[in-house]
Amino acid sequence: MATEYTDLLIHIHRRGESAAGYPVEARLSDGSHFTGGVFDPDQAALRAVRLDAAAYGRELFYALFAGPIRRAYDRAWGRAQAETAGQLRIRLWIAQEAASLHALLWERLYHTRAGLEAPLAVSAQTPFSRYLGLEIPEPAPIAARTLKLLYVISNPTDLAEYSLPALVVADELAPLLNSLRGLRHTGRLAVTLLPGRTGIAEPLREKLLAEGYRIAAGNATLDNLVRLLSEAGGYQLLQFVGHGALNRREGTAVLFLEDEDGRVQRAPDHDIAARLQSLAAPPALILLDACESARRSPGESNPFVGLAPQLVRAGIPAVIAMQDKIPISTARELTSDFYRYLLKHGQVDRALNEARLLLYEQASPAWASPALFMRLPAGQLFTADPWRAALTALVASPQFNPLAEGQSYIPARVVQLAGGASSGDLEYLGQGRTSGCEITAAFTAAFASTAGRRMVALIGAAGMGKSLQLSRLGRWTAECSLAPDAERLIIPVYINLRSLRRATLLGPQEIEKLLLAALAPLVIEVAAFSPQTLLAAETGPSLRVLVDGSDALPAHLRRRAWEALAIFAWQHPRHQYLIGCQPAHFIPNLLPFTDLLIMQPLSPRSVRHYLLDTLQTPAGVELYAALRRGALFDLAAYPWLLLQMLKQTMRHAAPPSHLSVLRDYVDAALAEISGTHGMRARAARTLYALAWQMQISRRRALPSAEVFRLLAEVRGRRDYRLEELVQELNAVGLLKPVGAEAWAFAHANVRAYCCAQALQAREDSEQLLDDIAATLGRHSRYRWWRGTWLLLAGLLDDPAALLRILLREAALNEGETVFLAVRCLRESLAQIPGSAPEPRLHNYLVSALLQRLDSQREPRIAFRVRAVESLAALRASSALPALVTLAGEPVRGAEEERADVESSVRLAALQALREIEAPPFSQIAALNAPLAEVLVLWEAEDVTALGEYLSVTSVPEGVQTLAAFALGRLGNALAGERLVKAFLSPSSSVLTRRNVATALTLLEPGFVTARVILPLLDPEVAAEQQLAAEIWESRAGYTADLIYLIGRLRVPHPRARAFLRDRLTGEASLQQKGLALQAVGWLYDRSVKTVVEAVAWGDFTALHLPAPPTAQEQQYLRRKALGALYYLGDAETLARLQARSLDWGPALEQAGYWAGEGIRARLQSEAGRGR
């Protein structure tokens, strides 16, 4: 629907022989008529201020709007404010006999409203035009779905004889075609180019033809121009780019076209008008990028001397021409913006005002040069783009605005993987081991490629908010399509597979029915497009299909639905697809996924941002403090639990412990169970029995028959229906169906809580705990039981007994049991506010953890990091000397085996120091004053001072490293730029650069990819980023750091992945190949799995080493390969590891053991088990 405007028509009549000025009358859209106005401009005053646009505009305004015409103007503004939201269209009609007034610069008219002074012709609220009323009907708006533009360039060979510059055709085409790309991709615009005698260079010509442009042959003669305009269907738009002049002696305008020989053909305005008038379907709009095509001199008597008014008189609805000489570059910018706005809403006067505004805001002196002549009372040249209207409606629709007013989205981050992965991989990747990308950035990157079908999975555990994010991404899609620089028009369409739960037939037809139903409201106003034609169209808007509800389907129906989606996507390759599902429900290789977006638990930084910066409520502040006190960030990492804790805080108080969070959630859910026949009373015991059975049998789900057997045992003689209890437990979010014949807990945390309750109630609990503790040295067993042990520590009256059992059975210098003991101790203390740990136990744990800091005793870096974090959790001030030493100790060389890893340990140590001692860090200062200074600056978030440490060569390397870590933890834009600068600086030492690389892994992966990785890999990106030649030429020195960054950040960019593979099998040092082995594992790049396995078993052929590796080098490469198999290995790999030789030696044996544990955990996850 067109925007409503109040209309003000000002008509200037011929000047009488004895009159003091030109008679003026005004008419308003309500029928008001004002006469008696006189326009008598002070020409001398106008000439005096011609170079001052504002002064000229004021002078002209007060000359025109005086007496009754000012009253008309004020009346019109009042009506506009009251009835049309301040929108006022102003049309200036200069009579034929007063044509000399066209020489005035009317587009400069300034006015003052609400105390602000601005030109009328630069606001969408005040469309301005020079109107010509004719004795022919007003044309109806053109409703053609695809508009045709003829773009003519006239560049005669002899322009120099007229003191005019030649045109560079490539320069003329490139900017405009870039601006038209988005319009063309929407199917809204088809372009024919007439480059004239100059032609187009072959590379550009091939590119244009490949993109669908038509290129017409021949010179830019008047005959050739008319011939093209006469083609079937004609052209709605004609744009001329070239030169023109005013023949002041004859009182005519001429355009410099080309003759058959390529020389100047002077085409007078009356000849052009006559030829165009003869066309059966003349253009609706002509845009003249010619330097003086609209200019008139005072005193000219013929009202239609000059091309623009001649063309309007000939029947052209609208003509835009330049009043003054205008740089061709400025003309390109203005016309490209003008087309964009015109095709958005179809109102020619409004579109030109909006395009002028962009120049006006840039302080371009040419903003008032384009003059619009039209005969359209409402300016509606074309119908508004219906797809933009549909997208605008989608942005405001409830489907894509699921939050209540005033609510904010919880931050969401994802790891982006290219290609497929197993469900075990996805579960591991969903545990938040990397920072991940902000979800809209990763989403945009996943769909950025225009090559081939794009099918993306959004994968997240239950409670991660996938449905919410699907709606959010649908709105994001619509907003991006509406953006001024959008290259494609993509319409988001949401479908929910939940509706297929009872489908008897499930094929691509059912998917199409869901889509057509979702599309029906969008295309109802587009007469030429039904939902079916939109799906099948080869051009025009494409769809982004957002598929929800996959998890709600039984397993057999989910597989059939995905198979149907695969067929449907193959039948409709133009469209894009985003499917949400849980890791356990992911079906590898069934759908041709191009990217996987794995949702990450919320980091403490994200939680802090949401609670303190986004919410800005007392409850948010209180909850954040409680999370820090109780070390509850592992629970707050899951959106559903974070919201649960926020509700708990608002109801009464912030939760102090893990136990209180989960007990509150379960109790609230059980309170909703029906109390009929004692069902509610038995519901808790039922959950405990189910959880215990799953835990001891190491299963995440139980068959329905087993579930109902357990329910019957718990029910006893109570008279409630078992099916009803199961359905109610499902309805309140405690249980969920798995496939057609199994049930599981909706959340693993709830299962752990119920299992802890069951274990506490058992008479043989102590013996069971002894037996369980004896098996916790196995990584897979530890992962399976850790949640239950943690919550049991909160439930028991004497948690010390639990800790004694745990520590009695554990070798504290191995495995993960000591880390679990620390967490259990903190959980038990949280139950009694103000309580302190028993000193002997506390000291025992601290001593064990300090031993794990020694790299000789604990070579596994991940465990050393966890030891540091556990010391911080214990607030172990006795560990300060060790942590200070660890944070400030020298780092190994850039390509030594654990250089990057040492940085990770130092970073953890630095963070631990902040948590153990509060500012001003006096104890730390006594041990290491420079380190304490860095901590003070970090606490103050002083990015500038921290950045200075990175640029001063006299600062010790260790302090520079710590400053880099602090900047990485701060993570804001300024900190990121300082890190990039230090990383790329040729003056940074190799060691500092390596540690800055570690700090960069704390930042947004997309930022690091764009600002660091790609500029060092791609010469075009390097040129765009203006990377110094010195850095580009020395980029080989960054290889080790790039390998580390690509792997650690899991960069999905094809260029980055190709670089890794090249380093692995191509030219690179042996140490770099080891780093590449590690990185391809982090990336889950199974394309090189065969190479990695060969290296793990001692075959180095595929690495193409320049010389046979030494025994030490072989061990280094094999350990790196075994580390990669932790991520890449499969059942066959595990079998080989279990049958491995006994002569591997301790280091390889340990690496092989942990690789096997990782593979086993993933395989058991895929099988739905937890061994």
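Since every read-out is calculated from the coordinates, none of them should be taken as a lab result. Keep in mind that what you see is a predicted model, and the values were worked out from it rather than measured. Cβ placement follows ideal geometry from the backbone for every residue including glycine, while neighbour counts extend to all protein chains displayed.
In Å and on Cα atoms, what radius of gyration and Dmax does segment 101-159 show?
18.4, 53
Determine Rg/Rh for segment 532-572; Rg is computed over alpha-carbon atoms and Rh is the Kirkwood hydrodynamic estimate from the same atoms.
1.07
Once you keep just the Cα pairs under 8 angstrom separated by 6 or more residues, what percentage relative contact order results for the chain?
In percent, rounded to a whole number, it is 7.
How large is Rg over Rh for segment 6-131, taking Rg from the Cα atoms and Rh as the Kirkwood inverse mean of 1/r across Cα pairs?
Here Rg/Rh amounts to 0.95.
Rounded to the nearest 5, what % of DSSP beta bridges with both residues in the chain are antiparallel?
45
Using only the alpha-carbon atoms of segment 1014-1171 as identical scatterers, what base-10 log of I(q)/I(0) does the Debye formula give at q = 0.15, 0.18, 0.20, 0.21 Å⁻¹?
For segment 1014-1171, the Cα-only Debye profile gives -0.80, -1.05, -1.22, -1.30.
Taking every pair of distinct Cα atoms and averaging 1/r, then inverting, what Kirkwood hydrodynamic radius in Å comes out for the chain?
34.9
In angstroms, what radius of gyration and Dmax does segment 361-490 have, counting Cα atoms only?
20.8, 68
Of Lys148/Lys513; Lys466/Lys1073; Lys207/Lys344, which sit over 28 Å apart, Cα to Cα?
Over 28 Å Cα-Cα: Lys148/Lys513; Lys466/Lys1073.
Once the mean 1/r over all distinct Cα pairs of segment 191-271 is inverted, what Kirkwood radius in angstroms do you read off?
14.1
Treating the beta-carbon of each Lys and Arg as +1 and of each Asp and Glu as -1, no other charges, what is the dipole magnitude of the chain about its Cα centre, to the nearest 20 debye?
Here the size comes out at about 2620 debye.
Would you compute the Debye intensity of segment 609-718 from its alpha-carbon atoms alone, equal scatterers and no solvent, and pass along log10 I(q)/I(0) at q = 0.10 Å⁻¹ to two decimals?
So the normalised log intensities work out to -0.42.
Direction-averaged shadow area of the convex hull around the Cα atoms of segment 388-601, nm²?
Averaged projected hull area, Cα only: 11.8 nm².
For Arg454, what is the net charge nearby, where nearby means another residue's Cβ is under 15 Å from its Cβ and Lys, Arg count +1, Asp, Glu -1?
Within the 15 Å Cβ shell, the charges total +2.
Which one, Leu643, Gly678, Pro1005, projects farthest toward the positive side of the charge dipole computed for the chain from Cβ point charges (K/R +1, D/E -1)?
The Cα lying farthest towards the positive end belongs to Gly678.
Out of every Cα-Cα pair in segment 457-509, what percent are more than 12 Å apart?
Everything past 12 Å amounts to 74 percent.
Projected onto the charge dipole of the chain (+1 at Lys/Arg Cβ, -1 at Asp/Glu Cβ, origin at the Cα centre), which of Ala53, Val1091, Ala318 gives the Cα projection farthest towards the positive end?
Towards the positive end, the residue furthest out is Val1091.
Would you be so kind as to identify which of Gln1112, Gln1072, Ala1139 lies farthest towards the positive end of the dipole of segment 1023-1171, taking Lys and Arg as +1 and Asp and Glu as -1 on Cβ and the Cα centre as origin?
In segment 1023-1171, that residue is Ala1139.
At 7 Å along the Cα-to-beta-carbon direction for both Ser674 and Gln923, put a label point, then send me their distance in nm to one decimal.
Label at Ser674, label at Gln923, 6.0 nm between them.
What FRET efficiency would be calculated for the residue pair Glu1020, Thr1065, taking the C-beta separation as r and a Förster radius of 25 Å, to the nearest 0.05?
Efficiency computed from Cβ-Cβ geometry: 0.50.
Based on the Cα atoms of segment 865-1009, what semi-axes does the equivalent ellipsoid have, where each is the square root of 5 times one gyration tensor eigenvalue, given in whole Å with the largest first?
So the three semi-axes of segment 865-1009 are 23, 16, 15 Å.
Give me the compactness ratio for segment 721-807, meaning the Cα radius of gyration over 2.2 N^0.38 Å.
Compared with the compact-globule rule of thumb, segment 721-807 sits at 1.27.
I'd like the antiparallel share, as a percent to the nearest 5, of DSSP beta bridges with both residues in segment 388-601.
Of all bridge pairs located within segment 388-601, approximately 25 percent are antiparallel.
I'd like the antiparallel share, as a percent to the nearest 5, of DSSP beta bridges with both residues in segment 6-131.
Once the DSSP bridges in segment 6-131 are tallied, antiparallel ones form about 55 percent.
Helix 704-715 sits at what angle to the longest principal axis of the chain, using alpha carbons and giving 0 to 90 degrees rounded to 10?
60
Find the Rg to Rh ratio for segment 327-401, where Rh is the Kirkwood radius over alpha-carbon pairs and Rg uses the same atoms.
1.09
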